[in-house]
Structures are given as structure tokens and as C-alpha cells.
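So the structure is just underneath, and the comments pick up after that.
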Amino acid sequence: MQASQIAFYILGVFAVLCGIGCISQRNPIAAAMWLVGTMLSLAAMYVILNAQFIGVIQVLVYAGAIMVLFLFVIMLLNLSQGQDDLRKWPLWVIGAALVAGVAGPLLALRGYTGGRLASEVTGAAVYTDPAAALVAGPAALRATVERGVVGAIAEPLFRTYLVPFEITSILLLAAAVGAVVLAKRKL
Amino acid sequence: MLLGPSLLISAILFSIGVVGVVIRRNAIVVFMCIELMLNAVNLTFVSLSRYHGLSGQVMVFFVMTVAAAEAAVGLAIILAVFRHRQSVDLKHMNILRG
């Protein structure tokens, strides 16, 4: 087993533990800090998965901007004193049932491999070599080597996904205006 | 080679987020659990992008943008509700008009 694989497993366990800490802490600030831990370990996992740009963006946007916004609102509303924050037991049963029904089948994915993905995509019964069946993956690696991490992402972002990208800018403008309007005391 | 483990971690993180949304009453913590679920889906996108090309990473980019917009608007709504009710308890958010 390679060192990067071992690091990936350790980071995965750390991400899950931080997620459990996030939902079990009474203090909202502590919950936010646990969530930052999850996001930072996910950023490191993205780097191991050859998505360095996404890892950097994860640290900057998620762990930086969005979580600072959360902490800002928590501290502004002064919510840190303890209150009874957990719901009554029927909802716990509903939560357990949801997890058993939705995530339980997903746990079977732990043995999923690239070869199985390739045979499902191509329809071939035998497990083929993923690099031969799914040419987009090796092509992406080559593009990253040739054009750099940012350049390789910029190419599909500004060609194939140009229209969604522009719509996203309208969404951000609408969200900024909406946030100002909602948070203002009087219009 | 890390496809299976990352899909497994993503499923576990998503279910932790679902449980958090269901059992917590603090609206801000519920929002954080939604962010946790979005992060879990992002991990799936990134792990599959090694086989399906860079489109998956572009999708993660869009998900992060939408999450930022959602956090801004959602926290503004929570602020507005807090001004009316002096609480962010979801038990008290049961009427549409304050």
C-alpha cells in the first residue's frame, strides 16, 4: 500500500470523526470548528485524488469564506450559551431509518473499482482496464501535465460549461442582493 | 484505486449530514449539516473525475458557488427570523408571517 493511500484512509477517518463532532456538539461555535476540520481533511483528500485546484478552492472558499460567515452570524446572534438543542426521540428514529434506508445500500460501494466502473459504462461483462475504456480520465491527467492544474480545469469551464458559468454569476448577484435586502432592518 | 474508499467516506459523511439535519433544532447547525452533505457529494464528484475527465471538478466548482450563495441568503433569513423571535430554534419557526 502506498503512502498516499495510507494518508487517504487516515484523512477519511478524521473527516468522519470531525463530522460526528459537528452534529454532536451543543455549542454552535464548536460545531463550526469541527466542520472546518472535516473540510480541511476533505481538501487534503482532493489533493491526493489529483484535484489540487479543487483542494485549494476548498480551503479558500469553504473553510475560509463560508465558515467565517457562519462563525460571524453565530457570534453576532450570541448563541453560544447552551440550550436544549436536540429534537425529541421520534425524529431520532426517523433519522436512523433514513440512514439505514439511504446510506446502508451505499456502503456496498466500498469495493467499487475503476475496472467495475469501466465495465458498467461500456456494458462489457468482463472487467476491462479502466484506462482503455474510459479515455477521459487519462486524457485529463495528460491535460494537467501539459497545461498545469488551473489551465486543465479552465478549458472545460470556459468551453463546455460557459453558459452555466455565466448563469452562476447571475445567481451570485441575485444572492448578494437578496442577502442585503433580507438582512437590512428597514428597506 | 481509491474510488471505493472515497465513495464509502462520501456516503458516511452524507448520512452524518442527514442525521444532523433531522436531530438538531438550531437552525445554524442545520445549515452546517447541509454544507456537510454538499461536501460529501463533492468528494464523489472528485473521485469519479479521475475516470470521467475534468467535468466532475468543474461541477464541484459550481456546487461550491451555489453553496456560497445558499449560505449567504440562508444566514440572512436566519438573521431576519432572529430579529422577530429572538431565537433560532426551529421549533419556533412554524409560521410563515412574523
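No value in this document is a laboratory result; all are computed from the given coordinates. Being a predicted model, the structure only gives us computed values, none of them experimental. Cβ atoms come from the backbone with ideal geometry, glycine included; neighbour counts cover every protein chain shown.
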- Task: Enumerate the pairs (first residue in segment A:91-107 and without any contact (Cβ under 8 Å) to a residue 60 or more places away in the chain and facing chain B (nearest Cβ under 8 Å); second residue anywhere and hydroxyl-bearing (Ser, Thr, Tyr) and surrounded by 14 or more Cβ atoms within 10 Å (Cβ to Cβ)) with beta-carbon separation below 7 Å, excluding pairs fewer than 6 apart on the same chain, so at least 6 apart or on different chains.
- Result: A:Val99/B:Ser15; A:Val102/B:Ser15; A:Ala103/B:Ser15
- Note on the structure: If you go through A:Val73, A:Val36, the only one that is facing chain B (nearest Cβ under 8 Å), buried (at least 16 other Cβ atoms within 10 Å of the Cβ) and more than 30 Å from A:Gly137 (Cβ to Cβ) is A:Val73
- Task: Run down A:Asn50, A:Asn27 and say which single residue is within 9 Å of chain B (Cβ to nearest Cβ) and either more than 14 Å from the chain's Cα centre (by Cα) or touching a residue at least 24 places away in the same chain (Cβ under 8 Å) (or both).
- Result: A:Asn50
- All but one of (1) free of Cβ contacts under 8 Å to residues at least 40 places away in the same chain; (2) over 24 Å from B:Gln57 (Cβ atoms) hold for A:Leu71, so report the exception by its number. (1)
- Item | Verdict on A:Met45 being within 17 Å of B:Leu7 (Cβ to Cβ), free of Cβ contacts under 8 Å to residues at least 40 places away in the same chain and either buried (at least 18 other Cβ atoms within 10 Å of the Cβ) or under 14 Å from the mean Cα position of the chain (by Cα) (or both) | yes
